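For reference, the structure is listed below as structure tokens.
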Amino acid sequence: MKNRWVTFIMGRVLVKIEGKGVERLINICARKRVSLWSVRKLKTGTVFFYISLHDVHHFRHIARDFDCNVSFIRGEGLPFLWKRLLKNSGFFIGVFLFLALITVLSNMTWGIQINGANPETEHHIRKELDKLGIKVGTFHFFNQDLEKLQRELTDRVNNITWIGVELKGTTFHFQVVEKNEPKKSKPPGPQHLVANKKAVIAEMFIEKGKPLVKVNQFVKKGQMLVSGMIGKEDEEQLVPAKGEVWGKTWYQSEVEYPLTTHFEVFTGNEKIIHEIKIGSVEFPVWGFGNIAFQNRKIEKNNYPVRFLGWQLPISYVEKTVREKEGFERELTKKEAVQAGILLAKNDLLKNIPDDAKIDKEIVLHEKVENGKVKLTVYFQVIENIAKEKPITQGD
């Protein structure tokens, strides 16, 4: 018996023979290598068997020499299915176009709902969404990274604290939390200004109160800088001292910096691969061939396909393969010291007030050990050292 899958792919025909010389016809077919299988003979003498589509023409020539009636009952297999498919192609094309249209419409934006925002904020958000390419009637196929969209809107709209983004079917839903206007603080009561750390006074800007220190004077932590009691002793008034007292303060940092650093850079060579992902299997559709990059980084963007609100197990995948090169940079001791000072300075800037500034730095100690430069750096910083202190009855 022939392999059923092979005969299905090649095509087979069910044949019916009636008359004289049937057995002889079958024997001649066997001698001439015309394959017959599943041969059945009925009590009436009628014989049924299968023959491959490829041998039908040869079988016709053999059967002409015999006095028997040959009937081809039906054709089976892939060639006959294809023929029927072409016969009904209009129906299948219509179904395919209908499903394709539904899929396209399912990946378009048909609604944008914004909740929790006042009309002015909502108008601002809609303008920013237009700039990002999200509006009714446009494809959201390439805008399904909701976390990225959330970050973009938070950065662009200043008067919102948080915005939630959700894509339900063909509608974007935005939940907005606006910033609350700070309550107006009550006018401060009588107070002094004292030093919050030891420093040397660099400059002062006093709006209210009586200054008790001078420029270039050393002050300790807690020492009074500006008094909230003004006027003569008999006519003293209590006021909220207000102003800025800038002092020179000191910080010490210890840092290590390697003399040899390894880093990687992109060479500019890249290859883009387009794939269709079905389930967990990816099928490349563009960008075939081997990738010759030995050291590389792959960035992958996945765009799922939706159908009537459901996310299908089908997605379009765009891969960008970039070539990288590794380098080793050897630094001299002087270069490593400068890099270490810069590193210590950047760390210090994270821990001092935003309005403070580094005035100077001094390297107290440096040494090379185990391929690293170890530094002890002394920084002088100018910052506002004034701290408010309410005036109590004891004062």
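The values are calculated or read from the model by the stated rules, or taken from the named source; none is laboratory data. Quantities reported herein were computed from a predicted structural model and do not represent experimental measurements. No Cβ is skipped: glycine too gets one built from the backbone with ideal geometry, and neighbour counts run over all protein chains shown.
Note on region 29-61: among residues that are among the aliphatic types (A, V, I, L, M) and buried (at least 16 other Cβ atoms within 10 Å of the Cβ), the one that is farthest from the chain's Cα centre (by Cα) is 47. Based on what the data block shows, is residue 214 among the charged types (D, E, K, R), under 30 Å from residue 202 (Cβ atoms) and in contact (Cβ under 8 Å) with a residue 24 or more places away in the chain? No: the conditions fail for residue 214.
Which fully enclosed strands (runs of 3 or more DSSP E) of region 198-296 have 1 or more residues being among the acidic types (Asp, Glu), in the same structural domain as residue 306 (by TED's automatic domain parsing) and over 30 Å from residue 382 (Cα atoms)?
260-278, 281-286
Applying the set (1) closer than 30 Å to residue 170 by Cα; (2) in a helix (DSSP H, G or I) to residue 112 leaves exactly one unmet item: (2). In the condition set (1) out of contact with any Asp or Glu (no Cβ under 8 Å at 6 or more places or on another chain); (2) assigned to a loop (DSSP other than H, G, I, E, B), residue 117 is compliant with all but (1). Contact map, region 61-84: residues that are closer than 25 Å to residue 4 by Cα paired with residues that are small (Gly, Ala, Ser) and surrounded by 13 or more Cβ atoms within 10 Å (Cβ to Cβ), Cβ distance under 7 Å, separation 6+ or inter-chain. Pairs shown: 70/63; 75/11; 77/11; 78/11; 79/11; 80/11. Checking each residue in region 269-281 for being of a type outside the set (D, E, K, R) and touching a residue at least 24 places away in the same chain (Cβ under 8 Å) picks out 269, 272, 273, 274, 276, 278, 279. The condition of being in contact with a helix residue (DSSP H, G or I) (Cβ under 8 Å, 6 or more places away or on another chain), modelled with pLDDT under 90 and surrounded by 12 or more Cβ atoms within 10 Å (Cβ to Cβ) holds for only one of 375, 331, that being 331.
Please find, among 370, 351, 346, the residue that is farther than 28 Å from residue 202 by Cβ, surrounded by fewer than 11 Cβ atoms within 10 Å (Cβ to Cβ) and outside the structural domain of residue 272 (by TED's automatic domain parsing). Before the answer, list the steps.
Values: 351 fails: farther than 28 Å from residue 202 by Cβ; 346 fails: farther than 28 Å from residue 202 by Cβ.
The unique qualifying residue is 370.
One residue is enough: does region 374-385 have a residue meeting the conditions farther than 22 Å from residue 196 by Cβ and aromatic (Phe, Trp, Tyr)? For region 374-385, residues farther than 22 Å from residue 196 by Cβ and aromatic (Phe, Trp, Tyr): absent.
You will find that of 14, 42, the residue that is in contact with a Phe, Trp or Tyr (Cβ under 8 Å, 6 or more places away or on another chain) and under 19 Å from residue 77 (Cβ atoms) is 14 and no other.
Checked against (1) over 22 Å from residue 100 (Cα atoms); (2) surrounded by 12 or more Cβ atoms within 10 Å (Cβ to Cβ); (3) free of Cβ contacts under 8 Å to residues at least 24 places away in the same chain, residue 284 passes all but a single condition, namely (1). When each of 165, 157 is tested for being surrounded by 16 or more Cβ atoms within 10 Å (Cβ to Cβ), within 24 Å of residue 306 (Cα to Cα) and at pLDDT 85 or above, the lone residue that passes is 165.
Filtered by the rule that a residue be under 18 Å from the mean Cα position of the chain (by Cα) and either of a type in the set (Asp, Glu) or not in a strand (DSSP E or B) (or both), region 297-335 gives 299, 318. Taking the conditions (1) under 30 Å from residue 122 (Cβ atoms); (2) in contact with a helix residue (DSSP H, G or I) (Cβ under 7 Å, 6 or more places away or on another chain) in turn, residue 257 satisfies each one other than (1). Being at pLDDT below 85 and of a type outside the set (Val, Ile, Thr) holds for only one residue in 53, 81, 85, and it is 85.
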